[in-house]
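Each remark here refers to the structure printed beneath this line.
The values are calculated or read from the model by the stated rules, or taken from the named source; none is laboratory data. Just so it is clear, the structure is predicted and the values come from calculations on it, not from any experiment. Positions of Cβ are backbone-derived with ideal geometry, glycine not excepted, and every protein chain shown enters the neighbour counts. These accessible areas exclude ligands, DNA and RNA; they are computed on the full protein's heavy atoms, side chains included. Shrake-Rupley method; radii C 1.70, N 1.55, O 1.52, S 1.80 Å.
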Amino acid sequence: ELKAVLDRVRNPRIEGNFRHRHFEGPETTIKFAVVGDTHIGSVYHDNEALQIFYDEAVKRGVKVFYQVGDLMDGENMWRGHAYQLVAHGLDAQVSLVAKSYPKRPGVKTYFINGNHDDSFTKTAGVNPGIAVSSVRDDMIYIGDREASVRIGQKGRTKMMFSHPGGGSAYALSYRPQKIIESLEGGSKPHLLFIGHYHKLTAMFYRNVHCFQAGTFESQTDFMKEKAISAHKGSWILEVTLSDTGLVKAIKTELIPFYE
């Protein structure tokens, strides 16, 4: 218990009871898009690519986007991080999100905090996700580092959005595989979307359709030093559900961007 208390003091969390249900209509085929780590506030953030991705998704009929964490670049992530920022502090980065993050008529973006966002929680005890939602009514905060969303008739289909920790592995599929293996049978989602690693992969394992969501941040000096690649771009998905909530079919479209 003491270890748990110390961990909470060292790594504070501001949590809430976020239970969400989306796409509850009678239709069995739904379409949405997923956005990877955007890192707004970083000099490496590629807002042009992000705007194009939203435009392409909206052209295809997408009205709902999910962002899997590291919406902002945060602060004090490593020595010298401050010199790679165009906006310093929570207020400045939230203001930059309010001005620059894609906003399209009738479109909603649901998002979670990532470890870079959480840097503001650790230094000031504030929740950056709530701060963003307070200035953008089209951006809805749904959880810290992880969130589950129920979709389809009676909410029988479970989607999970996760921003885990740790570094990238040699094999692109290794981290998603280990995450899925760590999930207990009763807690597994039908669809799992993973941020943090800045990779674009898709796999089907233990009956989980799993996607790494990519990034909209170019390769940083830190990533070059660690020999970590950045996969810029993300996914548009069309999912067909059964009456019992199973994924009967899934169509994916990857929209990549290149340096």
Among the residues of region 16-41, write down those that are at pLDDT 95 or above and open to solvent by 10 Å² or more (accessible area, probe 1.4 Å). K31
Some residue of region 236-243 being at pLDDT 95 or above, assigned to a strand (DSSP E or B), over 19 Å from Y44 (Cα atoms) and charged (D, E, K, R): yes
Picking from I255, I179, the residue that is open to solvent by 10 Å² or more (accessible area, probe 1.4 Å), under 18 Å from the mean Cα position of the chain (by Cα) and within 17 Å of A33 (Cβ to Cβ) would be I255
State yes or no: is K248 among the charged types (D, E, K, R) and under 20 Å from N113 (Cα atoms)? no
Cβ pairs under 9 Å, 6+ apart or interchain, first in region 42-53 and free of Cβ contacts under 8 Å to residues at least 24 places away in the same chain, second not in a strand (DSSP E or B), ordered by first then second residue, are E48/F257
Near pairs, Cβ below 8 angstrom, 6+ apart or cross-chain, from region 75-91 (at positive phi) to any residue that is in a loop (DSSP other than H, G, I, E, B): G89/E75
Among the residues of region 142-159, which ones are open to solvent by less than 10 Å² (accessible area, probe 1.4 Å), on the phi < 0 side of the Ramachandran plot and of a type outside the set (S, T, N, Q)? I142, A147, V149, I151, M159
For region 206-218, indicate whether the set of residues that are charged (D, E, K, R), farther than 17 Å from T157 by Cβ and over 16 Å from the mean Cα position of the chain (by Cα) is non-empty. no
State whether one or more residues within region 92-114 are in contact (Cβ under 8 Å) with a residue 12 or more places away in the chain, more than 18 Å from V35 (Cβ to Cβ) and surrounded by 20 or more Cβ atoms within 10 Å (Cβ to Cβ). no
Across region 225-252, what is the number of residues that are within 30 Å of V86 (Cα to Cα) and open to solvent by 60 Å² or more (accessible area, probe 1.4 Å)? 3
Looking at region 63-81 only, could you name the residues that are surrounded by fewer than 21 Cβ atoms within 10 Å (Cβ to Cβ) and either touching a Cys at 6+ places or on another chain (Cβ under 9 Å) or at pLDDT 95 or above (or both)? K63, V64
Picking from F222, F216, the residue that is open to solvent by 70 Å² or more (accessible area, probe 1.4 Å) and either within 19 Å of H22 (Cβ to Cβ) or touching a residue at least 60 places away in the same chain (Cβ under 8 Å) (or both) would be F222
